[in-house]
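All of the numbers you see were taken from the coordinates with simple rules; none came from a lab. From a predicted model like this one, the values you see are computed outputs, not experimental measurements. Cβ sites come from the backbone with ideal geometry, for glycine too, and all protein chains shown count toward neighbours.
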């Protein structure tokens, strides 16, 4: 599929998605959201691709929020549809069996931060700024930010960021657990791809099971989460990857996983 607002690059088993609207600071309008969902769906269904990396075009912005030019004219019903469209992408990333890494190369604001926080982990450039400035526009986060941020940094800090609309530096985001690492801008994408490649060399059924257990467990009590983990763990013993991985360990060789 051809995309108007996305660049899609395949590096072996890693897909790199670049939101490409630099003149609009890569902001998310309805077309970009639809293209992101289509591209991620394509990656999920492609057996040759095992990990995705999402970043933004240029050095200024990862994604500087949802497109205010589009949002400004929405009525209540249109705003509801727009919110749910954005949440559809965020929720899809969570349901994907394949890990998704965000490489935040600049501003990650509003919908852009919601997109980053939906990913399995996040690296940020030293110059990146992150936040939810929606209240300065008379609105609030609508792509999942009110639900995700508190689960990551705690209710008090989430309240502070969302209620004030202030931005945090990459260093502060690292301290608060919003990002996994901070790098010079020139090293950011290489680091994300390096980690994606490392993950792609592992047993992807095991990675997918772990992703499911971690994400689903956050919405369960501990006892239910432990039970769910056991079921997923046991199910992997019906896979060829489990037998290959363990035999390779015993043979002292590198495993050749097939995803079966």
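Per-structure values
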{"quantity": "For the stretch 85-127 and the stretch 154-192, distance of Cα centres in Å", "calculated": "12 Å"}
{"quantity": "Cα-only radius of gyration and Dmax that characterise the stretch 10-54, units Å", "calculated": "11.5, 34"}
{"quantity": "Compactness of the stretch 108-166 - radius of gyration and Dmax, Cα, Å", "calculated": "10.7, 30"}
{"quantity": "Angle in degrees between helix 222-235 and the longest Cα principal axis of the chain, rounded to the nearest 10", "calculated": "50 degrees"}
{"quantity": "Cα-Cα pairs of the chain separated by more than 22 Å (percent)", "calculated": "56 percent"}
{"quantity": "Antiparallel bridge percentage (DSSP; both residues within the stretch 77-233; nearest 5)", "calculated": "25 percent"}
{"quantity": "Nearest-ten-degree value, helix 240-251 long axis tilted from longest Cα axis of the chain", "calculated": "60 degrees"}
{"quantity": "Cα long-axis angle, helix 204-217 against the chain (0 to 90 degrees, to the nearest 10)", "calculated": "50 degrees"}
{"quantity": "Ellipsoid equivalent to the stretch 204-251 - semi-axes via the Cα gyration tensor, in Å", "calculated": "25, 10, 8"}
{"quantity": "Peptides 67-79, 180-192 ordered by average Cβ neighbours within 10 Å, highest first", "calculated": "180-192, 67-79"}
{"quantity": "The chain: calculated mean residue ellipticity at 222 nm from DSSP helix runs of at least 4, using -39500 (n - 2.57)", "calculated": "-15500 deg cm²/dmol"}
{"quantity": "Relative contact order (%) - the stretch 1-160, alpha-carbon pairs under 8 angstrom, separation at least six", "calculated": "21 percent"}
{"quantity": "Most to least packed among 26-34, 201-209 [average Cβ atoms within 10 Å]", "calculated": "26-34, 201-209"}
